[in-house]
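Working notes, beginning with the structure itself.
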Amino acid sequence: MGSLHLNEIRKTFGTVEVLKGIDLSVDDGEFVVFVGPSGCGKSTMLRIIAGLEEQTSGHVRINNRLVDTVPPAKRGIAMVFQTYALYPHLDVRRNMGLALEQEGIAKAEITARVGAAAAMLRLEELLHRRPAELSGGQRQRVAIGRAIVRQPSLFLFDEPLSNLDAALRVGTRIEIAKLHRKLGATMVYVTHDQVEAMTLADRIMVFNAGAVEQVGKPLELYHRPANLFVAGFIGSPTMNFLAGDTAARLGATTIGVRPEHLIIRDDGVWSGTVIHAEHLGPDTMYYVETEAYGTLTIRTDGDTWHEVGATLSVSPMEAKIHRFGADGRTLG
Amino acid sequence: MSTGKARTSLLHTGLMHLALIAYTALCLAPVVLVVINSMKSRAAIFSAPMALPGPKTFDLIGFTTVITQGNFAGYFSNSLIVTGTSIVAVLLFGAMAAFALSEYRFRGNTLMGLYLALGIMIPIRLGTIAILNIMVATRLVNTHLGLILVYTAQGLPLAIFILSEFMRQVSADLKNAARIDGLSEYAIFFKLVLPLTRPAIATVAVFTMIPIWNDLWFPLILAPGEATKTVTLGAQSFIGQYVTNWNAVLAALTLAILPVLILYLAFSQQLIRGLTAGAVK
């Protein structure tokens, strides 16, 4: 279906360098997620792949074809936007079929392809409605349908779930994952939500300030973050970082322990006062104020109960401690 | 507590409506005066200018004079041609310029926007002599085209200013989706951006149309010839140095209100429809 190769992509707006030389190879059928905080350049990267933005230097290849000067419509891509971007004056059928009309594809073929996509996304009943008459989730399904009918070699998603409410977000996320399995298509997906990244991706690319911090499988990033930024970005609640003597004893400048790798025990090495507790049912989060290390977050099972103001002692699981050097990189 | 609040808000809305009604009366009074007096005999206009036309004073002499004596059909068509073409030109070129300014990043974009908006602050009449010289040199005096060019120049700054603001609000994602779907920039402009900014375009059309239709200055200077006279200029032919045919003047002015009223109703219909059509999200 499609592959994607990025070679030393740089982008500057005036004097601001928003992308500092990005390299990436995406294999046929792979699902790659760009994740990072807002303003890290991930959306700009996607727009450059789409051809909506021009890179300052570097090359984009889609299906081994150099597309640097090819307009968006001719790159063999389809894109799904955060704001759905449906044409408000066209009904669902024409929204989905417009690109095919522009390509000059025969009417019967358009009807067939729109019908197939509508069936896949349960949109058959809505084909004659206008976008204004659809709910948010339905609109995003139409936007996805519009991408499917083009049969592109590369799907691009620009934060497609950000405008949906929590319940719909989970549903649509599953729908996108199923779609990827069914179509076997190559997909590039931008999000700032690490849960989306972890659940959807074959590979995650973590962006920060215009550069790539780490590329890897979701669990690789969780278990073996390359540096402080990735360690802090992947995982929720975020990893606890401790500096000073404790870290120095382990030969590091900073050590990190995930909340789920702290064990509450009476003879724990770190202790402090519970300042807040979140009982989620299956899990409970305790926020413990310690004198030496600031606030520690602890994730434990749902059956424990400690009042705010109580004193808690915790110990880290030794094997799960991450060690970072002075430059922020993980120590081997 | 709640009743007190309701009472003050009642007073508030009452005062607001009073102010609005007073303003409406102030604006409509001269128009009403023109319309009622256009249907009265000459003597009645002077003896009781405020009175409504009654059975004794009712007289359509003004209208018959206008229709039989002057070349009023000609003046009307001149006004319609000049105003209509100018509106089309202002909207088309104004919208295109506004699209370029709002959509594309290019060197000097802001400067260009400011330059194009400058015309809002500097009245075009300051350049009358230069314009007249140009028109004489290009032999456009006493032509429709001469007036149309001047009015297009006059209407463009405000049109560009208003439309570029509205076009900035059209979702960037929507335009990008269209680009990926293979729509050309022209198709994006005509099929997507124009329909979505229709309320703004109707507003600009109204603001552009009324000063052009009512203008006396440029027709008087650039196109005073019989063949190109507009309605406002034509009505002046009944005003003499010593004797003024008030019946005819008022009748001409009454007739001149009609087309502009019809055009306004047409545009305001668009305005309301545009507002209720439903936006992107």
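Figures for the structure shown
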{"quantity": "Single condition A:V18 does not satisfy, out of (1) part of a strand (DSSP E or B); (2) under 20 Å from A:R203 (Cβ atoms); (3) not acidic (D, E)", "calculated": "(2)"}
{"quantity": "Residue within region A:100-113 that is within 11 Å of another protein chain (Cβ to nearest Cβ), crowded, with 22+ Cβ neighbours inside 10 Å and modelled with pLDDT of 90 or more present", "calculated": "yes"}
{"quantity": "Matching residues, region A:276-316, being aliphatic (A, V, I, L, M) and within 18 Å of A:F241 (Cβ to Cβ)", "calculated": "A:M285, A:V288, A:A292, A:L296, A:I298, A:V314"}
{"quantity": "Pick from region B:189-246, criterion charged (D, E, K, R) and within 20 Å of the chain's Cα centre (by Cα), ranking: nearest to B:V90 (Cα to Cα)", "calculated": "B:R198"}
{"quantity": "Enumeration of residues in region A:45-90 that are within 15 Å of A:P160 (Cβ to Cβ) and of a type in the set (V, I, T)", "calculated": "A:I77, A:V80, A:T83"}
{"quantity": "Residue within region B:169-182 that is away from chain A (no Cβ under 14 Å) and crowded, with 22+ Cβ neighbours inside 10 Å present", "calculated": "no"}
{"quantity": "Of the criteria (1) out of contact with any Gly (no Cβ under 9 Å at 6 or more places or on another chain); (2) closer than 21 Å to B:I221 by Cβ, which one B:P55 fails", "calculated": "(2)"}
{"quantity": "Any hit, region B:56-68, residues being of a type outside the set (K, R), farther than 19 Å from B:T244 by Cα and either within 24 Å of the chain's Cα centre (by Cα) or exposed (fewer than 11 other Cβ atoms within 10 Å of the Cβ) (or both)", "calculated": "no"}
{"quantity": "Test result for A:L164, over 15 Å from A:G36 (Cβ atoms), of a type in the set (A, V, I, L, M, F, W, C) and within 14 Å of chain B (Cβ to nearest Cβ)", "calculated": "yes"}
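This table checks each residue for (1) within 12 Å of chain B (Cβ to nearest Cβ); (2) closer than 18 Å to B:S184 by Cβ; (3) in a helix (DSSP H, G or I); (4) not charged (D, E, K, R).
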| residue | (1), (2), (3), (4) |
| --- | --- |
| A:S25 | no, no, no, yes |
| A:V32 | no, no, no, yes |
| A:C40 | no, no, no, yes |
| A:V60 | no, no, no, yes |
| A:D68 | no, no, no, no |
| A:A73 | yes, yes, yes, yes |
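Each row is one residue, and each column tells you yes or no for (1) buried (at least 16 other Cβ atoms within 10 Å of the Cβ); (2) part of a strand (DSSP E or B).
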residue: A:N163; (1), (2): yes, no
residue: A:R173; (1), (2): yes, no
residue: A:K178; (1), (2): no, no
residue: A:K182; (1), (2): no, no
residue: A:V190; (1), (2): yes, yes
residue: A:T199; (1), (2): no, no
residue: A:F207; (1), (2): yes, yes
residue: A:V212; (1), (2): yes, yes
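The values are calculated or read from the model by the stated rules, or taken from the named source; none is laboratory data. The structure presented is a predicted model; accordingly, all values stated were derived computationally and were not measured. Here Cβ is always computed from backbone atoms with ideal geometry, including for glycine, and neighbour counts include all displayed protein chains.
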